[in-house]
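The values are calculated or read from the model by the stated rules, or taken from the named source; none is laboratory data. These figures come from a predicted structure and were not determined experimentally. Heads up, the Cβs are rebuilt from the backbone with ideal geometry, glycines too, and the neighbour counts pull from every protein chain shown. Ligands, DNA and RNA are stripped out before the accessible areas are found, and what is left, the full protein with its side chains, is counted by its heavy atoms. Shrake-Rupley method; radii C 1.70, N 1.55, O 1.52, S 1.80 Å.
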Amino acid sequence: QSLRRATKWTFGELLTSYEEALTAEGKTSARQVHNICEKWVRAPFPHLLSKAANKIHRDDIMAILTFTVQANVERTVNKLRSYLAAAFQRAIRAESDPSLAVSIGAGYGIETNPVMATIRVARFDKARERVLTDAELAHYLNEIEKNESVQSIALRLGIRLGGQRIEQLVRIPPQAVDMASNQITLLDPKGRRQVPRKHILPIPEQVKPLLEKLLELNKDKQYLFCNVKEDSHTSASELSNMVKKISQGAYCLGDIRRTAETNLAALGVSKDHRAQLQSHGIYGVQDRHYDKHGYMAEKRDALGLWNAHLDGLRTGCRI
């Protein structure tokens, strides 16, 4: 059935199959890929959707990217280019990879990736460097602790657990929380993983009451961070808007994660242990095949330091 899904092997079907494959693999980027393709490809270039995918050439991709550049959405340009390149590359690999053939189809007949004939706009790849000051961080903590809404608790857990990716946090089921062993398990699908990596964290004392409240509210729901009126999880975009409102545009949700790592470094937590705590950079041969140490003691120590630091900021007494 999956192999028959693409019957005409068009560009439009290629995009849809790619989005569906990302969703099936649990990739948190799936929704963003869909939204960007809807706005910058499907809506402005409907005539390209019915064109055979192997007939899409550099000029077609350039038309799409040029249109996006003219809209002054700089970061979106390179994101869109990356998503299109990945979709075409997956279709090319599916010709000889059985698992990809099932997920996206193996009849597109694409010989070369047309996106790779375009150039990534380097000046649009500005890395964000914003780190909250102690005063900003104390204000942020006080604002997200003003109420007990599911959204506020999500933001509180995100920072109290060391700056976790909100997209991953809000997708966990109630079963991911084990109060008996004081552990919470996130799934990290980042990178080229076919199967998400289990990212297990110890539960600090400051976090226990928050998780107990969520379990009381949503223990029978599909998600721990379940919306009140529907059986779906709180969205990362909703939380992002909350942070923008709190900061009045001075910083964004992504800056919270960077602030956590920067402060953890200042507190003396090593780079390797910060990587384990935030689950980033753990992709090499050594990590995949040989280093199976869970680093729970190191993560527990780091979270203890971090939460003491946050408590100190809130009371005006920095450790």
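Computed values, structure above
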quantity: Boolean, ALA63 is aliphatic (A, V, I, L, M) and either in contact with a strand residue (DSSP E or B) (Cβ under 7 Å, 6 or more places away or on another chain) or outside any helix (DSSP H, G or I) (or both); calculated: no
quantity: Filtered residue count, the stretch 300-310, keeping only those that are touching a residue at least 40 places away in the same chain (Cβ under 8 Å) and either open to solvent by 10 Å² or more (accessible area, probe 1.4 Å) or on the phi > 0 side of the Ramachandran plot (or both); calculated: 3
quantity: Positions within the stretch 103-123 being surrounded by 16 or more Cβ atoms within 10 Å (Cβ to Cβ) and touching a residue at least 60 places away in the same chain (Cβ under 8 Å), in sequence order; calculated: SER103, ILE104, GLY105, ALA106, GLY107, TYR108, THR118
quantity: THR68 vs. criteria of a type in the set (Ser, Thr, Tyr) and touching a Leu at 6+ places or on another chain (Cβ under 8 Å); calculated: yes
quantity: Hits in the stretch 70-127 - residues which are within 25 Å of LYS55 (Cβ to Cβ), in a loop (DSSP other than H, G, I, E, B) and of a type in the set (S, T, N, Q); calculated: SER96, THR112, ASN113, THR118
quantity: Failed criterion for GLY162 (all others in (1) open to solvent by 70 Å² or more (accessible area, probe 1.4 Å); (2) touching a Phe, Trp or Tyr at 6+ places or on another chain (Cβ under 9 Å); (3) in a loop (DSSP other than H, G, I, E, B) hold); calculated: (1)
quantity: Considering residues of the stretch 218-237 that are within 15 Å of ARG156 (Cβ to Cβ) and modelled with pLDDT of 90 or more only, the residue surrounded by the fewest Cβ atoms within 10 Å (Cβ to Cβ); calculated: PHE225
quantity: Complete set of residues in the stretch 33-65 that are within 18 Å of ARG90 (Cα to Cα), of a type outside the set (Val, Ile, Thr) and under 21 Å from the mean Cα position of the chain (by Cα); calculated: HIS34, CYS37
quantity: Close pairs (6 angstrom Cβ cut-off, 6 or more residues apart or separate chains): of a type in the set (D, E, K, R) in the stretch 33-55, surrounded by 15 or more Cβ atoms within 10 Å (Cβ to Cβ) anywhere; calculated: LYS51/PHE11
quantity: Residue check for ARG156: at pLDDT 95 or above, open to solvent by 20 Å² or more (accessible area, probe 1.4 Å) and under 22 Å from CYS226 (Cα atoms); calculated: yes
quantity: Complete set of residues in the stretch 128-145 that are in a loop (DSSP other than H, G, I, E, B) and open to solvent by less than 80 Å² (accessible area, probe 1.4 Å); calculated: ARG130, VAL131, LEU132, THR133, GLU145
quantity: Answer residue from the stretch 1-44, given it is open to solvent by 80 Å² or more (accessible area, probe 1.4 Å), part of a loop (DSSP other than H, G, I, E, B) and of a type in the set (S, T, N, Q) and is modelled with the highest pLDDT among those; calculated: THR7
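Conditions tested, residue by residue: (1) touching a Cys at 6+ places or on another chain (Cβ under 6 Å); (2) over 21 Å from LYS299 (Cβ atoms); (3) modelled with pLDDT under 90.
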{"residue": "ARG128", "(1), (2), (3)": "no, yes, yes"}
{"residue": "LEU132", "(1), (2), (3)": "no, yes, no"}
{"residue": "GLN168", "(1), (2), (3)": "no, no, no"}
{"residue": "MET179", "(1), (2), (3)": "no, no, no"}
{"residue": "GLN183", "(1), (2), (3)": "no, no, no"}
